[in-house]
Amino acid sequence: MAQNILVPHDFTDFGDIAFKKAIEIAKKFNSKLTLLTVIGSDIDTSGMNLTRAQEAHDEEENKAKDFLNKIKNSNQMENVNISVNIIHNSSVVDGILSFADNNNIDLIVIGSHGRSGFKKLVLGSVASGVVTKAKCPVLITKKST
Amino acid sequence: MTSVFKNILVPFNGTKGSQKAFNKAVPLATSVNASIFILTCIEKRQIFSFFKFKASNEEFEKERKIIEKQHIEMKTFAQEKGVVCSSNIVEGDHASSEILNFADKHKIDLIIMARTKFSSHKERIHYQSTLEDVFRNTACPILILV
């Protein structure tokens, strides 16, 4: 099904569900799995000097690294080749897509928050953006599965 | 170990995209020992239909026969690869509702569809694409091919 699977994780249950499904697929097809977090422009550095702003970004990156490594280590028994990556991009969708393009990803597994109604109109969705622009297949997982 | 996927749904509307989805479903079903459900909905409404639309009963039956023939070919292909495959033709108003209802009813754990076109801005305001409607509202995983 896929040799290189990318799982974008946003530290929510939706990311966990996508990761769980990706592990099942990777085990079955002996695929390599990459966990990715995109640190976007949502870190509030207003009023900070440059040094402090850089520190805030570093803190966020370290937090993300710890979180992803924790997931990776807790799945060592699964015998799946997992790597962890953190990138900075002002757009989470663009970050995921450029990473996929540059790393020969042939399947993106992403959790969808499934927003509906007014929230959907206002907020849009990362999964929706990835599906619209991705150059490889995208597997969207849902919370109820 | 439980199977990765057991019941795969392929909504088929005769386009290259839906054929691509079926072509992907067969080897996947073979490797994970899953069953394939092919679903075609003959839509009653006319504008921006995902599947073909037919209003009268006579036209519906005529269309059904054409689709049945296509489904038989697909089923034969899948069965030759050792995959259990079922053919399903329904009549409905909205393709996405029929796909979602079918998925719920048949305990589908993977829907495979292909991204075939981008709707224009005006089109999107009035009619959400079937693919978008399905992936936003389905409770099961959906694999979207490009």
- Query: Just for the stretch A:129-145: of the residues that are more than 7 Å from chain B (Cβ to nearest Cβ) and modelled with pLDDT of 85 or more, which one is surrounded by the most Cβ atoms within 10 Å (Cβ to Cβ)?
  - Reply: A:V130
- Task: Would you be able to say whether some residue in the stretch B:71-84 is surrounded by 18 or more Cβ atoms within 10 Å (Cβ to Cβ), at pLDDT 95 or above and aromatic (F, W, Y)?
- Result: no
- Message: Can you tell me which of (1) out of contact with any helix residue (DSSP H, G or I) (no Cβ under 8 Å at 6 or more places or on another chain); (2) within 14 Å of another protein chain (Cβ to nearest Cβ); (3) more than 19 Å from A:I86 (Cα to Cα) is the one A:F29 doesn't meet?
- Response: (1)
- Query: Mind checking which residues of the stretch A:11-26 are surrounded by 16 or more Cβ atoms within 10 Å (Cβ to Cβ), in contact (Cβ under 8 Å) with a residue 24 or more places away in the chain and either within 10 Å of A:V80 (Cβ to Cβ) or of a type in the set (S, T, N, Q) (or both)?
  - Reply: A:A22, A:I23, A:I25, A:A26
- Note on the structure: Among (1) modelled with pLDDT of 85 or more; (2) touching an Asp or Glu at 6+ places or on another chain (Cβ under 8 Å); (3) part of a loop (DSSP other than H, G, I, E, B); (4) away from every other protein chain (no Cβ under 14 Å), A:I43 falls short only on (1)
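The values are calculated or read from the model by the stated rules, or taken from the named source; none is laboratory data. Please read these numbers as outputs of a predicted model, since none were measured by experiment. Heads up, the Cβs are rebuilt from the backbone with ideal geometry, glycines too, and the neighbour counts pull from every protein chain shown.
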